[in-house]
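Please read the structure below before turning to the comments.
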Amino acid sequence: MREKRNREPREMLIFALPVGDNIDEVISWVERLKNHVGLFKIGKDSYTRYGPEVVSKIKERGGKVFLDLKFHDIPSTVVRAAEAAVRVGVDMFNVHALGGKRMMKETVTSIKRTAEQTGAPLPIILAVTVLTSLDDNDLTILGFKQRTGEVVLNLAKLAQDAGISGVVASGRDISGVRELCGNDFFIVVPGIREVTESGDDDQKRIMTAEDTIARGADYIVVGRPIMTASDPIRKVEEIKHAISRGLLLREESDIKAKKA
């Protein structure tokens, strides 16, 4: 598991890159924000359209990459995909915890071996628990007997036992995951919105940046609020200030807890 260290607000902010009309448009966002955010998230849509080239172009410009493909298949297939992710130089990627403990454990072993053989940095590997577009009703329809929070905790613990570095989870699940898995476990939270936003997209279990960081998230993923802003860099700076406020609130909470 990757060791944590203290990070600046910038490093805790992951920008979800748009697909764009072409790869040059995608890279224009990288050029604009590479000195303002910690990582760039590449999703299935962008990777399917542009392939490994988009990773290479980001890395060439000094950017860090979160490859958000949620690998979910039989162990051997996920292992090969993860090895390829290491070779192209991603800094973070994820698998789906529902792929099972064996799949996750073999993937962890494989990427460590691949990093050693190639000299590539060992990426942070995350497990997706329950998509933030799903809630209790959705899980009931899918046949789950437990509520969303319980499923998240079960999958988070399974991932940790398999050697995974952390999870992608809703902001509402942070406290439970942190209590169960400890402070060394990474928590990456998508679905970040502002209080004034209506949330007219797929996200259901959302939270603000300040609240998310205050609760203990290590990274937040933000896309649309930055892309649609009239001044994206100013919006990024506002989000980083929110992260700083969240860190202060977290520190104050920790101090109170130690005194109690």
- Task: Please go through segment 221-260 and write out the GluC sites (Glu not before Pro) that DSSP classes as loop and that have at most 11 other C-beta atoms within 10 Å.
- Result: none
- Full extension from Lys258 to Asp21: what is 0.36 nm times the residue separation minus their Cα-Cα distance, to one decimal in nm? 80.1 nm
- Message: Run lengths n ≥ 4 of DSSP H only: what is the helix-derived mean residue ellipticity at 222 nm for the chain, with -39500 (n - 2.57) per run over all residues, to the nearest 500?
- Response: -14500 deg cm²/dmol
- Task: Kyte-Doolittle cut-off -1.0, length cut-off 24 Å along the helix's own axis using Cα: show which whole DSSP H helices in the chain pass.
- Result: 232-259
- Using only alpha carbon pairs under 8 Å that are at least six residues apart, calculate the relative contact order of the chain and give it in whole percent. 17
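Any read-out appearing in this document is the output of simple, stated calculations on the displayed coordinates, not a laboratory observation. Just so you know, these numbers come straight off a predicted model, no measurement behind them. Backbone-built Cβ (ideal geometry, glycine too); neighbour counts: all protein chains shown.
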